[in-house]
Amino acid sequence: MKEWNVLLKQEWKKVTIMAVAALLLAASIILQGYLFVTVVDQVFIDGAGFSAVTMSMLFLLLVLWLRTGVSDVIARTGVRLGTRAKLSMRTMLLGKMAKSPVKDAGQQQSGKRISVFMDAVEETDSYFSGYVPQVIQSSLVPLVLFIAITVTHLNSGLIILATSPFIPLFYIIIGLKTKEKSEEKIEEMNALSGSFLDILQGLTTLKLFRKAKEQKENIRTSSIRFRDATMDVLKTAFVSSLMLELISMLSIGLIALEIALQLIIFENMDFFTAFFILILAPEFYNFLKQLGFAFHTGRQSMGAASKVFDEINREEDTITWGEEPLSISHPPRISLSNATYRYGEGEFELGPVNVEISPGKSIAIAGRTGSGKSTLLHVISGLLPLSEGEVCVEGKPLSSYQEEEWMKHLSYISQHPFIFSGTLKDNIIIGSDHSQSEEEITKAVEQAGLSELVGELEHGLETLVGEGGRGLSGGEKQRLALARAFLKRAPVVLLDEPTTGLDLKTERILKASLERMSEQATVITVAHRLHTIREADEIVFLEHGKVAGQGSHAELLQAVDEYRAMTTLSGGGEST
Ligand code: ATP
Ligand code: MG
């Protein structure tokens, strides 16, 4: 577990604080024992009065206070260590998830990812806040106590030396089993979260297909499996604590027996020493035992952590972005040479695509459904890494630029824009990083053909949308995404055209706005509607991911049979 130790190394200061506090703790335990035994010895054996022991009693109080104080310091530092570790793990996870959002979305259930992000990370807490502090205490305190006991009475030290290895030995055996079991448990929890969110999101569909009841059964089996896995983990926990108690009890008994023999039968030991040892021995075993419990939770956390780090270390072909700044105020030149993308071994393959996109020229990507149009836009946007070939912006490979810089210059109106829960206005201004005046926002709304909708709403732009708010139709969502783009005014615009039909008036508004946009930006459109295709200066026609033709509408009609079939079959209708 390398990453783990890196996290600990970064926090070496906290670890040092805990070690120093542990040494102080050991000292206070010995002092406490010494003072307590002194008081008892003086009062009961020597028959001293209260005034003779007042000083010792006051000291004892002070030592007790010190012991509580340092224990508190250790606990607090542990909790802070845990918080820091969780924060850095979540940051790493988020970074990882943001790296390949398109591909990830197709590969993993959202619920599963949320579960790793929330629950699995949370589960690692006890490693840092419980296990690490305990390991530090349990390796330092018993060592000091052992030395103190051995110096006072050699025989007791020898008994401790002989019995104590059984405790760590035992929890190593148990711990190995627990890690396996808790990995299973996290696996079950992820599965449960994954299918639960899936079912929740698809409830409408399931209801329409009368499958809601069946899915309830699925959830039931998933939860039962999760329960069984949890019970398994708990079972080992209980058995191991029982065994630990047993071992330490027997050991303390052994020491007590030996001391009793020396004190009463052989009479070669005084009361003070005997009592002192009898007070320190349980403390010694207590710390070892607590290490056993901590070891159990630590192992459980390790199970969770390996899930977290599996996710962080998952091999992924992502774009490695460069350092080149990008500053373009005019529409840039974009060219694709041999651009190829493969979703995976034996899966859909796009390309090779070769196309020169000069500013001022309208480019349309056309093709049947599933031919790879959206995939091509993902590739141009830098959301998917190329398998071969290159996308160049202003003559330089896209990946040589800084990711942030490129995204700043890009507007991508995807086929399924995401609407965040919040107001319409929040959703529109999300793309632009400078503050926008009311007029600019209203203008963007107008250009996107949304004024009518906004006008009809009681709260206008302040209407809540997204989850927990008012619903939006597919067409409205896309126009909202367009409003984002109009406001952002980026020099590169990728548009996955709405497939939903628009009324004539809205259509006209949009057409005019897009034409104006293309004067200030390089616009690449995935065209679904025939007249957008027809009007484009250049059409890239895709068939099964390959470029089947390239040119103007007239040229393609002449040269490519499939193109003719597609455009005439739809009978001049609005959509391909
Ligand atoms: P439409 O007109 O319906 O929007 P499209 O031309 O935009 O279709 P794409 O979304 O680019 O089609 O998909 C092209 C092909 O890639 C499809 O066959 C699809 O099944 C496949 N595909 C899409 N996403 C993934 C993914 N994450 N993993 C594997 N294959 C995928
Ligand atoms: Mg598409």
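Each reported figure results from applying straightforward, stated rules to the coordinates on display, with no laboratory input. Values in this document were obtained by computation on a predicted structure and should not be read as measured data. For neighbour counting, all protein chains shown are included, and Cβ atoms are generated from backbone atoms with ideal geometry for every residue, glycine included.
The figures follow:
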| quantity | calculated |
| --- | --- |
| In order through the stretch 390-396: 3J(HN,Hα) via Karplus (6.51 cos²θ - 1.76 cosθ + 1.60), integer Hz, x for Gly, Pro | 8, 10, 10, 10, 6, x, 10 |
| Amide H within-cut-off set for GLY422, under 5 Å, with H built and near neighbours excluded | VAL465 |
| Average Cα contact separation per residue, the stretch 334-571, under 8 Å, 6 or more apart, as relative contact order % | 28 percent |
| Förster radius 60 Å - calculated FRET efficiency between GLU446 and LYS211 (Cβ-Cβ, nearest 0.05) | 0.85 |
| Label-point gap, in nm, between LEU250 and LYS235 - each point 7 angstrom along Cα→Cβ | 2.4 nm |
| Expected 222 nm ellipticity per residue - DSSP helices of 4 or more, -39500 (n - 2.57), all of the chain, to 500 | -21000 deg cm²/dmol |
| At R0 = 56 Å, FRET efficiency that the Cβ-Cβ distance of LYS396 and GLU187 yields, to 0.05 | 0.80 |
| D (Stokes-Einstein, µm²/s), Kirkwood Cα radius, the chain, 1.306 mPa s at 10 °C | 53 µm²/s |
| Chain lengthening between ARG516 and PHE418 when straightened (0.36 nm per residue, less Cα-Cα) | 32.8 nm |
| Gain on full stretching of the segment that runs from THR369 to LEU23 - 0.36 nm per residue minus C-alpha separation | 117.5 nm |
| C-alpha long axis of helix 12-40 to longest principal axis of the chain, angle in ° | 20 degrees |
| Angle in degrees between helix 438-447 and the longest Cα principal axis of the chain, rounded to the nearest 10 | 50 degrees |
| Efficiency of FRET from Cβ geometry, ASP503 and ALA559, R₀ 41 Å, rounded to 0.05 | 0.70 |
| Loop GluC sites (Glu not before Pro), the stretch 466-547 (other Cβ atoms within 10 Å of the site Cβ: 14 or fewer; DSSP) | GLU467 |
| Inverse mean reciprocal Cα-Cα distance (Kirkwood Rh) of the stretch 139-288, Å | 19.4 Å |
| Bridge type composition, the stretch 334-571 - antiparallel percent by DSSP, nearest 5 | 55 percent |
| Approximate spin-label separation SER387-PHE166, in nm, with each point projected 7 Å along Cα-to-Cβ | 6.2 nm |
| Qualifying GluC sites (Glu not before Pro) for the stretch 278-386 [loop in DSSP, other Cβ within 10 Å: at most 14] | GLU315, GLU316, GLU323, GLU345, GLU347 |
| 0 to 90° range, to nearest 10: angle between helix 504-520 axis and the chain longest Cα axis | 80 degrees |
| Loop trypsin sites (Lys or Arg not before Pro), the stretch 356-448 (other Cβ atoms within 10 Å of the site Cβ: 16 or fewer; DSSP) | LYS361, ARG368 |
| Listed pairs LYS112/LYS213; LYS103/LYS425; LYS213/LYS373 exceeding 32 Å between Cα atoms | LYS213/LYS373 |
| Karplus-derived HN-Hα couplings along the stretch 458-464 (A = 6.51, B = -1.76, C = 1.60, θ = phi - 60°), whole Hz, x at Gly and Pro | 4, 9, x, 5, 8, 5, 6 |
| Extended-chain gain in nm, criterion 0.36 nm per residue less alpha-carbon gap, ILE224 and ILE430 | 69.9 nm |
| Pairwise label distance in nanometres, SER437 with VAL43, each label 7 Å out on the Cα-Cβ vector | 8.4 nm |
| DSSP-defined antiparallel bridges as percent of all bridges, the chain, nearest 5 | 50 percent |
